[in-house]
Amino acid sequence: MPETPAPTWLATYKPILLVFAYITGATILLEVVNPPFDFMRWMQHFMAAFFLVFSFFKFLDLAAFADSYSTYDIIAARWRGWGLLYPFTEAALGILYLTGFYPALTNAATFIIMGVSIIGVLNSVLQKRKIKCACLGAVFNLPMSTITIIEDGLMIVMSVYGLLYPYLGSR
């Protein structure tokens, strides 16, 4: 019986690339129809959509997400409860970004949560562990990779920018 060829990079990462494209497109469209384009407002909407959409996928099978997440997250590996709470935390961050609730607090919480999250991701990728990424919950079979590092890193960079923005002057 012939072997099934391994899926291409594009086929493997298509779900996360589509989600990213939808979020990016929708949030850019929001800015286009509400001129002038405001980078901070776009970033706030992007982060809101990111956290809300990603939490949605995790909620589809919360227990499976928690099991998968515990294979690499440094907190969830020690306490499964964090894996069960994490999608709620993402949803809350999404709502906070969407409503503009205390931006400094929201950005600081994002920085801490994503900063802790990226530790386990980096560790897994650097050790070349072949594990499933739980970023889109248990719905898709995505491997842990640099895509996950970029995803977490982007949220960290955006939250730092959001924290520093008031001190950068009007640009």
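Under a crude label model (7 Å from the Cα following the beta-carbon direction), how far is Ile131 from Ile28 in nanometres?
The two pseudo-label positions are separated by 3.4 nm.
Where does the chain land at 222 nm, in deg cm²/dmol rounded to the nearest 500, when only DSSP H runs of n ≥ 4 count, each adding -39500 (n - 2.57), divided by all residues?
Helix contribution divided over all residues of the chain: -23000 deg cm²/dmol.
Return the lysines within reach of Lys58: Cα separation strictly under 17 angstrom, same-chain partners fewer than 8 residues apart disregarded; answer none if there are no such residues.
Once the sequence-local lysines are set aside, what remains near Lys58 is Lys132.
Hey, which aspartates and glutamates would be in cross-link range of Lys128, C-alpha to C-alpha under 16 Å, not counting anything within fewer than 8 residues on its own chain?
Hits, sequence-local ones excluded: Asp73.
Specify the angular offset, from 0 to 90 degrees and rounded to the nearest 10, of the alpha carbon long axis of helix 146-164 from the longest principal axis of the alpha carbons in the chain.
20 degrees
Solvent-accessible area per residue for the range 12-171 at a 1.4 Å probe radius, Å²?
Numbers: 8360 Å² over 160 residues.
That works out to 52 Å² for each residue.
Amide H to amide H under 5 Å from Cys133: which residues, 5+ apart in sequence or cross-chain, H placed 1.01 Å off N in plane?
HN-HN under 5 Å from Cys133: Leu142, Met144.
For an R0 of 25 angstrom, estimate the FRET efficiency from the Cβ-Cβ distance between Met40 and Thr89 and round to the nearest 0.05.
0.65
Expected output is a single nm value to one decimal: the length gained when fully extending between Ile149 and Ala11, i.e. 0.36 nm times separation in residues minus the C-alpha distance. What is it?
47.8 nm is the gain from fully extending Ile149 to Ala11.
Calculate, for Glu3 and Val160, the FRET efficiency according to 1/(1 + (r/R0)^6) with r their C-beta to C-beta distance and R0 45 Å; round to the nearest 0.05.
Working from the Cβ atoms, E equals 0.45.
On the protein heavy atoms, probe 1.4 angstrom, tell me the percent of accessible surface of the chain carried by carbon and sulfur. Display every interim value, and only then the final one.
Working: 6990 of 9680 Å².
Percent of accessible area from carbon and sulfur atoms in the chain: 72.
Out of (1) 29, 20, 15; (2) 36, 16, 14; (3) 24, 17, 15, which label holds the value of semi-axes √(5λ) of the Cα gyration tensor in Å that was computed here?
Computing semi-axes √(5λ) of the Cα gyration tensor in Å and matching it to (1) 29, 20, 15; (2) 36, 16, 14; (3) 24, 17, 15 gives (1).
Quick one: net charge of Ile119's neighbours, Cβ under 11 Å, K/R +1, D/E -1? Working shown, then result.
Details: positive: none; negative: Asp73, Asp152.
Computed value for this residue: -2.
Calculate the radius of gyration of the Cα atoms of the range 60-128 to one decimal place, then report Dmax, the largest Cα-Cα distance, as a whole number, both in Å.
13.1, 39
The values are calculated or read from the model by the stated rules, or taken from the named source; none is laboratory data. What you see is a predicted model, and the numbers here were worked out from it, not measured in a lab. In this analysis, Cβ positions are derived from the backbone assuming ideal geometry, glycine residues included, and neighbour counts consider all displayed protein chains. We work out accessible area using only protein heavy atoms, side chains counted, and drop any ligands, DNA or RNA first. Shrake-Rupley method; radii C 1.70, N 1.55, O 1.52, S 1.80 Å.
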